[in-house]
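Some notes on the structure that comes next.
The values are calculated or read from the model by the stated rules, or taken from the named source; none is laboratory data. Since this is a predicted model, take the numbers as computed values, not measurements. In this analysis, Cβ positions are derived from the backbone assuming ideal geometry, glycine residues included, and neighbour counts consider all displayed protein chains.
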Amino acid sequence: MTSSPAPSAPPVRPQTPPQVRLDERYGRTNQDGRRVRTVSIVAAVAFVAVFAAWVVWAGLSGTNSSLEVRELGYLNDTDTSVDIQWEVSVEPGTEVTCALQALNGSFGIVGWRIVELGTSEQRTRQYSETVRTSERPVTGLPYRCWLP
């Protein structure tokens, strides 16, 4: 009978911590950490630069005039028009444009008018305008005012 060689013992590997074995298995190296850190720093610097540029742009290019609009009321004269009264407060010498609207009982827009208000030496001015409507309005109000 021939004897077969005795099975040899598996090679002895030095004990390594589990994290090191996982890093070797999945190809993670110390350079990966440096790469992530570098990308994070570059992204943070880019974000700060864009945010600073936006703050400078918004601060320097915005208008400094303030505009306040207050509805004073309306008069329902006829079935085809409404008189709207409102007040505008703005720096003297500033032009303002306002959109006026008339609404029906279902809050549908039945009349619309854009009014350009000239300059004035007074900060607060009161206005009254008639808006023609397609059916009987139940209210009239300034929709929005803006600086041209």
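No other residue among ARG144, ARG136 is in a loop (DSSP other than H, G, I, E, B) and either closer than 20 Å to VAL82 by Cβ or outside the structural domain of THR78 (by TED's automatic domain parsing) (or both) apart from ARG136. Taken over the range 92-108, the criterion of being surrounded by 15 or more Cβ atoms within 10 Å (Cβ to Cβ) and within 17 Å of SER66 (Cα to Cα) is satisfied by THR94, VAL96, CYS98. When you look at VAL39, is it surrounded by 10 or more Cβ atoms within 10 Å (Cβ to Cβ), of a type outside the set (D, E, K, R) and under 30 Å from ASP23 (Cα atoms), yes or no? Considered against the rule, which asks whether it is surrounded by 10 or more Cβ atoms within 10 Å (Cβ to Cβ), of a type outside the set (D, E, K, R) and under 30 Å from ASP23 (Cα atoms), VAL39 comes out as yes. Total residues in the range 109-133 satisfying the condition of being within 17 Å of VAL82 (Cβ to Cβ) and either among the small types (Gly, Ala, Ser) or surrounded by 15 or more Cβ atoms within 10 Å (Cβ to Cβ) (or both): the figure is 10. Look at GLU129 and say whether it is outside any loop (DSSP other than H, G, I, E, B) and within 27 Å of the chain's Cα centre (by Cα). Considered against the rule, which asks whether it is outside any loop (DSSP other than H, G, I, E, B) and within 27 Å of the chain's Cα centre (by Cα), GLU129 comes out as no.
Pick from the range 83-104 the residues that are part of a strand (DSSP E or B) and among the β-branched types (Val, Ile, Thr): which of them is nearest to SER134 (Cα to Cα)? Going through the qualifying residues, I end up with ILE84.
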